[in-house]
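First comes the structure, then the notes that go with it.
We did not get these values from a lab; they are worked out from the coordinates using the rules stated. Owing to the predicted nature of the structure, the values given are computational and were not obtained by experimental measurement. Every residue, glycine among them, receives a Cβ derived from its backbone with ideal geometry; neighbour counts consider all protein chains shown.
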Amino acid sequence: MSVTTSTNELDTDLVELAGYHAYLGYDDRNTLRVNGNRYEVIDTNDNTSNGLDALTVQNLDNKEYTVVYVGTDKDQPEDILTDAQLLSDMAVPQLEDAKDYFRDMDKAYGVDNVTGNSLGGALANAVAVENPQVRSVTYNPALLPATADYDPNKDYDNITNYIGQYDVLNGTLNSLKLEEQVPGNSYTVYNGMPGGSTSYFDTIISNHTGYLRNGDKTQYYEIRPEGGAGSGKIYIEADEHIVLSPWTGQPIYQSGTENIKINPNTLRDLAAGLDQAVLSRMERVDEYLNHAMEIIEDEAAKKQLRIQKLRDQFEEVVETTVNHPLIQDIIGPGFPLLRELDVMSYLQQFLEEKAQELNQIYYSAPFLIRQFFSPIINSISNLVANAGDKLTQIIEDVESLINGFGEIIINTIPTLFYSATNDWEDAVVEEFHAHFRIVLPNCIQMAEQLKTFQQQILDTAEAFQFTDEGLASAIQAKANYVQTILQSLPSESDLLKASSYLTTESNLKGIQSDVAFTLLKEAINKLVVPLIEALHILALAAEVILESFSATLKSGLNSFFYFTPPGWLISIFTDFETRAKDKLNDMLQPVDEFASRVEGVRDGLGKLRNNMSAILDMLRPYIENAIFDDKKYRDVYLYNNASLALTKEMGMVFRDINTHLAEEKAQTIRELLHHGGIASMNINRLEEQVDRATLVGKPE
């Protein structure tokens, strides 16, 4: 992508040599192409004793010689040792070898430039400190050791360091306040890919070297390589993100490029340079943001699927966490628990029938027998009635519990997606969609304005032959022509549309997830937890009743017949004992089974009650993913982040353009500057809108 020049080696070429070609293991006389320029490997050095790797190349177009120092090789112990020595006050043998190699090459060929990445950058800078006639251009260089002979207060204008925004090495140096041990001028390059939780790529190496090294020599990360909505590429090569002046093709960092004399030729250079410096970047911004919009629209189309998936996950989490057979399917028909209650209802009905039969035996007995048997009959009747009452309450509350879960599934879960501030029912997706429905047309408008501005530059170059004094008569004589020139300029009304969306200044998905989690917790605490607590108490009470019932059946009657005179007489002279015992025995097994089943229900409800907090915690990541699929959300962020880098670079270009236009007093140039200012304002607005989407869309 870089603009070539025959006067001196471009920084873009030197960065690519340092970060990419240095690691490819060329042999002498190999030829290579860097940004369209041809290079030949003149010499290679592989010092196995101290680990120095370097090569010397010649640009076959401008004949300059460059020494390229190879960066750290993690598989070479000498490099690892040298990296450690750079952080200490020890002597660094590889540093001296690098200087010796430079002297040999300079004596043989006359070296114009040195370059390197990482350790190679430190070696290049060490050479340039001692040789001010040589340019050093590095990418993410390591620091110089404290023992190096350099003055931290000196400018070293012959040294330029480009620092990738995501480089771990230089981020660490800054945090340790060691950046002063990197001499020369350092500039941030907005390339690379964010790592950590914001990305699923292993980006540490490519962020440090500025390039990927793979078999197909591609310099991009594929987003959604499986295809589908939002499938695309994000390009990361470092040299493409070094911002060059459209006037000269040279880097425009710090104070910009040298003064430009405005004339028809320089204006035509400017117009041509816009293709590479701005229009190609704008085209890629539009590509990235359209891919992001594809993902957003795909997520919007799958709203009902996301809701249903969250419902299914809710049920699965409850069932797997509680892990009790009676709780299976409780979020739904609740068949296992309801079937258990049906069995318990049958047992209750059986006990009531047997109690009724026992009453019939009781009332058929002589008065004397009934007199002594009455307390037991009353006790059994009361226990059967109490058990029935508890069972009725349990059944009612279980039905309410199932309905409560159903209310959460059917009505509460969809509300988790609702916006708290407007009418959106899919808050995060819809707000991103609303924002991008403004940003994408802004991209189209921005591209059109840039092309119009480019054409106006060319028109101005043609008109620039007229002096300011003669411009009025030229306008009168060629009114239509001049009118065409002025109409090609954007007016102030052509400022990009503002967006009122994504203004939270923090992670939008995280905010919505917090709101959704709170809503779900409140719904569970309102619709489910009280019923679980009540059911647990009811089951425990029923269990106590049934255990008392069983104890009464087993011991009360035995005490009556065998330990009282009336009981003894009844057992001898009547068949009442036999008939009563038959009925009591008929009741005993169902009572014990009833009690066992109630205990099982209580156990299941207890596990459900005790695990509600864990269930809520386990649901949180599912809620977050349902609000906006985690991987897709990261992909949208990565596209936005890549677009933000490009808009920042476009802004730098236009600041350089307008700086030089402002130095010219001619009226036509003043008019051009005015509208260049409008274009700059629009780039800034677009950058702010993309930055907003990047900020609120950054994964946590």
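Remarks
- Among Thr138, Thr248, the ranking by other beta carbons within 10 Å of each residue's beta carbon, starting with the fewest, stands as Thr248, Thr138.
- 5 angstrom amide H check on Ile223, placed H, neighbours 5+ away: Gly232, Lys233, Ile234
- Share antiparallel - DSSP beta bridges, region 11-219, percent rounded to 5: 45 percent
- Mean Cβ count within 10 Å, highest first, over the residues of peptides 672-681, 261-270: 672-681, 261-270
- Ranked by the mean number of other Cβ atoms within 10 Å of their residues, highest first, the peptides 271-280, 177-186 come out as 271-280, 177-186.
- DSSP bridge orientation in the chain - percent antiparallel, rounded to nearest 5: 55 percent
- Amide H contacts under 5 Å for Ser186, placed H, 5+ residues apart: Asn161
- With a cut-off of 11 Å between beta carbons, the residues surrounding Thr460 carry a summed charge of -2, where Lys and Arg count +1 and Asp and Glu -1.
- At most 16 other Cβ within 10 Å, DSSP loop - GluC sites (Glu not before Pro), region 619-672: Glu663
- The helix-based estimate of mean residue ellipticity at 222 nm for the chain, built from -39,500 (n - 2.57) per DSSP H run of four or more residues and divided by its residue count, is -20000 deg cm²/dmol to the nearest 500.
- Distance between the pseudo-spin-label points of Asp603 and Asp216 (7 Å out from Cα toward the beta carbon): 5.8 nm.
- Anchor Lys261: lysines whose Cα lies under 16 Å away (excluding residues fewer than 8 positions away in-chain): Lys665
- Straight-distance candidates among the lysines for linking to Lys354, with alpha-carbon spacing under 22 Å and chain neighbours fewer than 8 residues away dropped: Lys390, Lys554, Lys581, Lys583.
- Overall form of region 636-700 per C-alpha gyration tensor (a/c, 1.5; a/b vs b/c): prolate
- Cα gyration tensor category, rounded, prolate or oblate, for region 11-219 with a/c compared to 1.5: rounded
- At most 10 other Cβ within 10 Å, DSSP loop - trypsin sites (Lys or Arg not before Pro), region 646-700: Lys665
- Centre-to-centre, using Cα atoms only, region 493-527 and region 227-305 are separated by 31 Å.
- Listed values for region 517-528 are Karplus-derived 3J(HN,Hα) couplings in whole Hz (6.51 cos²θ - 1.76 cosθ + 1.60, θ = phi - 60°), namely 4, 5, 4, 5, 4, 5, 5, 5, 5, 8, 9, 10, and x replaces Gly and Pro.
- In this rough spin-label picture, where each label sits 7 Å from Cα along the Cβ direction, the Glu226-Asn35 distance is 3.9 nm.
- When only the Cβ of Lys, Arg, Asp and Glu is charged (+1, +1, -1, -1), the dipole of the chain relative to its Cα centre reaches about 1960 debye.
- In order through region 651-663: 3J(HN,Hα) via Karplus (6.51 cos²θ - 1.76 cosθ + 1.60), integer Hz, x for Gly, Pro: x, 4, 4, 6, 5, 5, 4, 5, 4, 6, 5, 5, 7
- Sorting 123-136, 510-523 by average packing, meaning the other beta carbons within 10 Å per residue, from highest down gives 123-136, 510-523.
- Ranked for footprinting exposure by Cβ neighbours inside 10 Å, fewest first, His21, His536, His433 give His433, His536, His21.
- Each of Ile537, Thr266, Leu55 was placed along the dipole of the chain (beta-carbon charges, centred on the mean Cα), and the one lying farthest toward the positive end is Ile537.
- Per residue, the convex hull spanned by the Cα atoms of the chain measures out at 215 cubic angstrom.
- 3J(HN,Hα) from dihedral phi, region 125-140, Karplus parametrisation 6.51/-1.76/1.60, rounded to Hz, x for glycine, proline: 5, 4, 5, 5, 4, 8, 9, x, 7, 9, 8, 10, 10, 10, 10, 6
- Glu130-Asn263 FRET efficiency (beta carbon distance; Förster radius 41 Å; 0.05 resolution): 0.50
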